[in-house]
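A short write-up of the structure that comes next.
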Amino acid sequence: MRIPLRTYAPKLLLAGITILIALLVIDFMAYVAFDIKIPGHRPERFFQFSPLLGWEQIPISSGYWYRHEDGTKFFVEINSHGFADSERKIRKTRPRIALIGDSLTQNWEAELPDRGQYVLAKLLDQRFEVLNFGMRGYGTDQTLILFENRVVQFEPDIVIYTFCVNDFWNNVDTAAKPYFELDPSEPNGLALKGYPLEFQSLSTLGVNTGVHNYSLVLRKFEEFAPRVRNKFNSLLGRPSEITSLHTPLESHFELRPYKRHYDAEDRRRIQITLKLIAALDSVVKSHGMKFLVVEGLYRPAQDEISRQKLLDIYGDKFDFDRVTHSLEDFTRENDIAFLSLPRLLQDSDLQVFDFMFKGDNMHFNREGIQFYCRAVADKLRSFQWLDYSPLPNQ
């Protein structure tokens, strides 16, 4: 005897409503009570469209920047000039050091007093005012434009650019930002493209601004659903929907520069990036300033266990020292001051994972920022760049 579906309908409806309410309660408790939010939660609090740079920070904004799904967060303040730093006057009263680059320069993975501008100033006995002009997501291209249009007015005496391996990709990305193309007829062999920039919302820039910001359940579902589906397909003897849980090497913008054998696209990315560094060096020195390039760390390339895992996944396709060699050769040939943190780590008994923010491959923790600042301070002393007389009060 068949029982009509309508007999079960109320119970099914009630069960569905109960499950929905339970999921909403979980999301509410995670979001409000336990403060578990997506990394980069609600970026519109800090970032806005820029017709010059693609995006920029919102002046006089502040709040917590979430860096890990467990609720780890750090307080961020943007000053009136649009930089994540203390309030600064344009006119200087003592020698200045400018830190430029991307999120590796910003140091939003540490508390305010532990960020690079304050740690380096303390190491230099406050004789230098250290300003942080780092901007999240910028490549060398946007950093160059930012320096020429904004940073130069602060008249730094020393400019320190921290290079991150993902800059190779950022410098050829053409989405919603200015970019450069190779052109032998242009100064530095580069032609500026992409203008005029049209208004782009944060969502079009690849930033989560919707339900993902609020729903832990949705984020976990999207994370595990493909794996569960793949497991069921395997049990049923069906073809897997996912051939690999790992990013193909050619699509991995952080690992790709460490390939042993480059193709034409790899060489183009390297060439554009090195020319941009040369252009940055040229414009900095044209203002009578000193310029230092610092190579940041990338955990998978500097940690032996991580290296072995990559070899197991992709095969023997890597030269993990290649990026360092490229930067060393280029800066030496072009008389550009250079400091390689991977090389410094390699020549010591220090371990890269001691300096990296948890679950992160590139960003420093508190100890990493101190390591960076000590290395920079030692390099500046070795160059005798710190022998400035205090400026008279004006």
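The values are calculated or read from the model by the stated rules, or taken from the named source; none is laboratory data. Everything numeric in this text was worked out from a predicted model, so none of it was measured. Cβ placement follows ideal geometry from the backbone for every residue including glycine, while neighbour counts extend to all protein chains displayed. Accessible surface areas use protein heavy atoms only, side chains included; no ligands, DNA or RNA. Shrake-Rupley method; radii C 1.70, N 1.55, O 1.52, S 1.80 Å.
Remarks
- Note on region 136-178: Rg/Rh from C-alpha atoms, Kirkwood Rh, equals 1.00.
- Column: log10 I(q)/I(0), Debye, Cα scatterers of region 253-394, q = 0.11, 0.13, 0.22 Å⁻¹: -0.50, -0.69, -1.47
- Placing one equal scatterer on every Cα of region 315-377 and applying the Debye formula, the log10 ratio I(q)/I(0) at q = 0.13, 0.19, 0.22 Å⁻¹ is -0.44, -0.86, -1.04.
- Neighbourhood net charge (9 Å Cβ-Cβ; Lys/Arg +1, Asp/Glu -1) for Asn213: +2
- Span-like helix ranges in the chain, DSSP H, alpha carbon extent 30 angstrom or more, Kyte mean at least -0.5: 5-28, 264-286
- Per-residue [θ]222 nm for the chain (sum of -39500 (n - 2.57) over DSSP H runs n ≥ 4, rounded to 500): -11500 deg cm²/dmol
- Pairs of alpha carbons in the chain whose separation is greater than 36 Å (percent): 31 percent
- Spacing of the two label points (7 Å from each Cα toward its C-beta) at Leu14 and Gln48, in nm: 5.3 nm
- When the Cα gyration tensor is reduced to axis lengths a ≥ b ≥ c, the ratio a/c is 1.5 or higher for region 83-158, and with a/b not above b/c it is classed as oblate.
- Here the accessible area of the chain is 55 percent carbon and sulfur, with a 1.4 angstrom probe and all protein chains present.
- Hull volume in cubic angstrom per residue (convex hull over the Cα atoms of region 106-148): 75 Å³
- The chain, accessible area per residue, ligands and nucleic acids excluded (1.4 Å, Å²): 51 Å²
- Charge context of Asp360, other residues only, Cβ under 10 angstrom, K/R +1, D/E -1: +2
- Dividing the alpha-carbon radius of gyration of region 86-126 by the rule-of-thumb value 2.2 N^0.38 Å gives 1.22.
- Straight-distance crosslink candidates among lysines, where the alpha carbon sits under 21 Å from Lys122 and sequence neighbours closer than 8 are dropped: Lys89, Lys92, Lys290, Lys379
- For Lys259, the lysines whose Cα falls under 22 Å of its own Cα, not counting residues fewer than eight places away in the same chain, are Lys275, Lys309, Lys317.
- Within-12-Å neighbourhood charge of Asp27 [Cβ basis; K, R +1; D, E -1]: +3
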